[in-house]
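Working notes for the structure below.
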Amino acid sequence: MSGLEQAATWLLGRPLTEADGVPPAAIEAAEACMGARAPAALKALYLAVGEETTLMSAFQQFLPVAGWEVFDGKLLFLEENQGVCVWAADSSGRVFQTEDPAASEWFEEPCGLDDFLHAVLYYQMAEGGYPFAGNLPAANFADVEAVESFIAKRGGERVVDLVGLRVHRVGEQALVWYLHDGACVDDGGVFLSTLTEQTYLRVAQVWGFEDLD
């Protein structure tokens, strides 16, 4: 099982099934239509969970394989939740962001496709995929180091560390996460997101999270 499949299995709290994935024939048809091969990591993701709607569209929107397009040698595969920007990957696994793929102004992400997809899967569940959520105010923490100390003392495992985003696993299908500017936590504070209400109540009580309105 690949790292992406392991992450998806953990996030969903269940084994993956054949129904979760896009059929290989659909990907082959998309590649034939584009006249290009999809990057290996992207193809593996769609084969594993391309039909699992929570992971694919709870926040950011993964494009259906029939919607894949190639611009400047980059395969467009992900749209920001408000349509502000899109992401694409090239054949070597580099990831780029742009506001307009037709304008050819691309900004490379600081990580490769495997790490980028791994981060997006966790962010999907943190930012909407998990139905139970709470937060701690940003004022509770002097800086990012204070947040990390708070989480580490309670056994959190950091699983995502990209520019401006950190996500930690703190229990079965329970994530503590926050946005930051490198020094301080974003005004929204530190968030807890969980798959089940039972898990949320248990973690929230111990850690002091308050329910989101």
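The values are calculated or read from the model by the stated rules, or taken from the named source; none is laboratory data. Bear in mind that the values here come from a model prediction, so they are computed numbers and not experimental data. Cβ atoms come from the backbone with ideal geometry, glycine included; neighbour counts cover every protein chain shown.
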Q. Across region 84-136, what is the total count of residues that are in a loop (DSSP other than H, G, I, E, B), of a type outside the set (S, T, N, Q) and surrounded by fewer than 21 Cβ atoms within 10 Å (Cβ to Cβ)?
A. 9
Q.
Quick test for you: out of L179, L212, L136, L201, pick the one residue that is without any contact (Cβ under 8 Å) to a residue 12 or more places away in the chain, out of contact with any helix residue (DSSP H, G or I) (no Cβ under 7 Å at 6 or more places or on another chain) and over 17 Å from W10 (Cβ atoms).
A. L201
Q. If you check every pair at least six apart or on different chains, which have Cβ atoms under 9 Å apart with a residue in region 1-22 that is touching a residue at least 24 places away in the same chain (Cβ under 8 Å) and not assigned by TED's automatic domain parsing to the domain that holds L175 first and a residue that is part of a loop (DSSP other than H, G, I, E, B) and of a type in the set (S, T, N, Q) second?
A. W10/Q173; L11/Q173; L12/Q173; G13/Q173; G13/T196
Q) Which residues, counting only those in region 1-39, are assigned to a helix (DSSP H, G or I) and in contact with an Asp or Glu (Cβ under 9 Å, 6 or more places away or on another chain)? A) G3, L4, A8, W10, L12, A19, D20, M34
Q: Please work out if A7 is over 19 Å from the mean Cα position of the chain (by Cα), at pLDDT 95 or above, closer than 17 Å to F116 by Cβ and buried (at least 16 other Cβ atoms within 10 Å of the Cβ).
A: no
Q: Inspect region 159-182 for any residue being over 19 Å from the mean Cα position of the chain (by Cα) and crowded, with 22+ Cβ neighbours inside 10 Å and give the result as yes or no.
A: no
Q) Can you pull out the residues in region 152-186 that are part of a loop (DSSP other than H, G, I, E, B), touching a His at 6+ places or on another chain (Cβ under 8 Å) and charged (D, E, K, R)? A) D186
Q. Of all residues in region 1-32, which are among the hydroxyl-bearing types (S, T, Y) and more than 21 Å from G171 (Cβ to Cβ)?
A. S2, T17
Q: State all residues of region 69-83 that are more than 19 Å from L121 (Cα to Cα) and not in a strand (DSSP E or B); if no residue qualifies, say none.
A: D72, G73
